[in-house]
Amino acid sequence: DVCLKRSPPQPRDGLNSRDGESGEHKIPAEDGGHPAKKNTSLSTKNVSNDTKPPAVSSRILGQFLQVRQCLSTALSRASVEYPYERNYLLEEGDNRLASKALPYDSVNNFSLWTLHNRRVADQQKPLAVVYARNTDDVVKATMCAVEAQLPVMGQSGRHSYLAYCLQDCMLINTYLMKAVTINEQKGTAALGAGLNLGQAYTYLDKAGFTIPGGTCPTVGLAGLTLGGGKGILIRMEGMLVDKLIGVDAVLSNGTLVRATSQNHSDLLWLAKGGGGNTFPGVATAFHFKLVKRPDIITEWHAKWPIICKSSQKALGVAAVEVWQNLYLNHPDRRVYVRFEIHPYQENDQEPHVYMVFQFIGMTKDEAEPYTLPALRELGPTMNNEGLGNWGTHPYLVFLQRIGGIGMQSLNRTCKTWEEGLTESEAEAQMTMVQPAMCTWNEQKTNPTCAGVAKEDRTVPIPTFCAWDSGFGTNSLYRALVMTPMSRAAIQELMKFVVKAPLFDRDKAFWNFYLQIDPSNGAAADVPPEATAYPWRGREHMTMQVVTKWDGTTNIRSNPTLEAFNFLLISVMQPFVGTRSYYNYADSDMPGGAIPLFSYFGKNAGRVLEIRHRYADMRTTHDTEWELVLFREKQPYGVQEWIDMPEEQHLGAAPLQSYAGALMVEKMGRLHT
């Protein structure tokens, strides 16, 4: 036994284990085990490393051997992968190690903890990845990490725009923890941290319920919740965290807690938008107050040219003003309208603006009058002979379609509606447990595509069937939370955004566009201090600057397009400020913005205080950029949010001491 001879941390006073509830309807978890069996041999050929790995540090090697010994003793059923061993030790010819790592696709550098965002996926370098099946696995794995003095980070959906666990850390993947417990009488549910939105929506829909989350089926429930959670029901029901009534978590010292309004209410507050990387442990389940699932959603899609060729009128500018004035904060909260800007020539369509109307619970006859003001102000649409496109679907089918289910073939990997996709097949795509690389017909008998020859693969890298849910796309997203823009701001935005194709080497229309969503209504009824997420204005909107490019090659960067993304945010900040949204993680914010204040505003002090109270400070993460008060080489006070909060928020001792501790720790690392 190579474990350190020291006592493990003791549970703190009042930290109790979970209690069950009675009268609940339980849906079995999708365990299914890990798709790949363990083996005892690893091939290190073709492992994607451009340069020779660094020499093995004796300290890191000691930590690795210790944690591997501990995990092999403590975990009987959970699968464990050792990327550190694969990428470094075996390549260095260290044959002292007998691996039990999971099979690994060395050709595509792909494992089940690989991030969807190819741009940053290679940056994660954990010593060990634990695929936990239950809370006990998480507790035992965390205790092993504590003994080896390794920081622990949780993972589920893998849709983060940035990489975490960059070195000397343990990654606990909760993807297999998919238990669903619904109490129909109380209208509540406990949802496992391994669920993604597609799975959660499908299971809840069968009981007549839903939650107000986003629209991408493969986004993990855990990360979305901890960051806040915005979706089409935000104006009717609020944000996802506004329905969060409890969270089960294993703290970074191994203590199991359930945070509710009665017990550890401060930790529950932090879970409501404080961010996944900020949360001081690994969440294992979320408890929600459910909302009644709408029966139907009626949609109207309308496009107008940015510049009207016949009159040379700046129709794009006028469209933004119409959207802001008439639809952003519509008095009927059943009306939700997204605004998009597409600056590329798309096939036969010129650069255009795009309004996506979603009428919640309305028929077309009920919804149609709400579209007339837009037609009156902007004229006939570009699509469907000036009338726009209508569609009405049951709520779950709407979620499937808007999420890309049945909408793309991906070289026969996914069956489409045109090919006769059935209701049960659509649900199967919506709830896929793992990505596929073979035809949808082959998946009927071989859902994991095991044994399919490389030449018979339908895609070069495994993929799910939803939009943006493969592992072959490089992504860079940024966000601003804004109030209505002035005409000068809109004109400046349009002047720059139409230049995007000039910065794109590929000239692919899906590489760059803007989405602006309402984030008001019921969300604005919640006081800013009630949750860690602070931006609760009655006219708030969230703009996402979307930048993507092909990631199936070894090219990870697109310097000019990435620079344009940065530039566009910089252009808008003088007009709209630096407020942002944690789930569009950005460690390099333009304009000198400090993430701590851009994400949390006046709540920043309490975020740090609560995290400091629950985190095990004996180990620190290698990625804590969202927790610091400063930017390197930047004078104090550049960002307006620093001066806005009251003294009790920024002058309190916990904030000062924690920031100081971070600076001391950073300087210590630099000098070590």
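Side notes on the structure shown:
- Taking the Cα centre of the stretch 454-548 as origin and assigning +1 to Lys and Arg Cβ atoms and -1 to Asp and Glu Cβ atoms, the resulting dipole is close to 340 debye.
- Environment charge at Tyr327 (Cβ cut-off 15 Å; Lys +1, Arg +1, Asp -1, Glu -1): -2
- For the stretch 335-431, the set of GluC sites (Glu not before Pro) satisfying both a DSSP loop assignment and a count of at most 11 other C-beta atoms within 10 Å is given as Glu385.
- Rounded to the nearest 10 square angstrom, His342 shows an accessible area of 20 square angstrom against a 1.4 Å probe.
- Charge dipole of the stretch 112-200 (Cα centre as origin; +1 on each Lys and Arg Cβ, -1 on each Asp and Glu Cβ, all else neutral): 280 debye, rounded to the nearest 20.
- Accessible area, probe 1.4 Å, largest first, for residues His393, His116: His393, His116
- More than 15 angstrom apart: percent of Cα pairs within the stretch 480-553: 66
- The stretch 571-584 - phi-based ³J(HN,Hα) in whole Hz, Karplus 6.51/-1.76/1.60, Gly and Pro as x: 5, 7, 4, x, 8, 10, x, 10, 4, 9, 10, 4, 6, 10
- Computed over neighbours whose Cβ is under 13 Å from that of Pro484, the net charge equals 0, Lys and Arg +1, Asp and Glu -1.
- Inter-site label distance for Ala488 and Asp136 at 7 Å from Cα along Cβ, in nm: 6.5
- Centre-to-centre, using Cα atoms only, the stretch 114-182 and the stretch 353-402 are separated by 41 Å.
- Phi angles of the stretch 165-173 translate, via the Karplus equation with coefficients 6.51, -1.76, 1.60 and θ = phi - 60°, into HN-Hα couplings of 6, 7, 6, 6, 8, 10, 9, 9, 8 Hz per residue; Gly and Pro are given as x.
- Debye intensity ratio I(q)/I(0), log10, the stretch 417-551, q values 0.14, 0.16, 0.19 Å⁻¹ (C-alpha model): -0.91, -0.99, -1.08
- Distance between the 7 Å Cα→Cβ label points at Thr620 and Lys292: 5.2 nm.
- Measuring only protein heavy atoms, the 1.4 Å probe finds Ser570 accessible over about 40 Å².
- Across the cross-link table entries Lys186/Lys292; Lys206/Lys444; Lys186/Lys289; Lys243/Lys364; Lys178/Lys415, which are compared at the Cα atoms, the separations over 18 Å belong to Lys206/Lys444; Lys243/Lys364; Lys178/Lys415.
- Between the alpha-carbon centres of the stretch 327-350 and the stretch 467-532 there is a gap of 12 Å.
- Projecting the Cα atoms of Met170, Cys144, Thr188 onto the charge dipole of the stretch 121-208 (Cβ charges, centred on the Cα centre) puts Thr188 farthest toward the positive pole.
- Across the stretch 351-417, Cα-Cα pairs more than 18 Å apart make up 51 percent of the total.
- Whole-Hz Karplus values for the stretch 127-137 come out as 6, 8, 10, 9, 8, 6, 9, 7, 5, 4, 4 Hz, taken residue by residue from phi with 6.51 cos²θ - 1.76 cosθ + 1.60 and θ = phi - 60°; glycine and proline positions read x.
- Each of Gly420, Ala489, Ala479 was scored by the projection of its Cα onto the charge dipole of the stretch 418-528, and the greatest displacement toward the positive side belongs to Ala489; charges sit on the C-beta of Lys, Arg, Asp and Glu.
- The heavy atoms of Lys444 offer some 130 square angstrom of accessible surface to a 1.4 angstrom probe.
- Cα-centred dipole magnitude for the stretch 262-397, charges only on beta-carbon of K, R (+1) and D, E (-1), debye, nearest 20: 420
- With R₀ fixed at 22 Å, the C-beta to C-beta distance from Gln167 to Ser72 puts the FRET efficiency at about 0.50.
- Kirkwood hydrodynamic radius of the stretch 275-392, from inverse mean 1/r over distinct Cα pairs, in Å: 16.3
The values are calculated or read from the model by the stated rules, or taken from the named source; none is laboratory data. In this text, all values refer to a predicted model and were calculated from it rather than measured experimentally. Glycine gets a Cβ as well: all are built from the backbone with ideal geometry, and neighbour counts include every protein chain shown. Heavy atoms of the whole protein, side chains included, go into the accessibility calculation; ligands, DNA and RNA do not. Shrake-Rupley method; radii C 1.70, N 1.55, O 1.52, S 1.80 Å.
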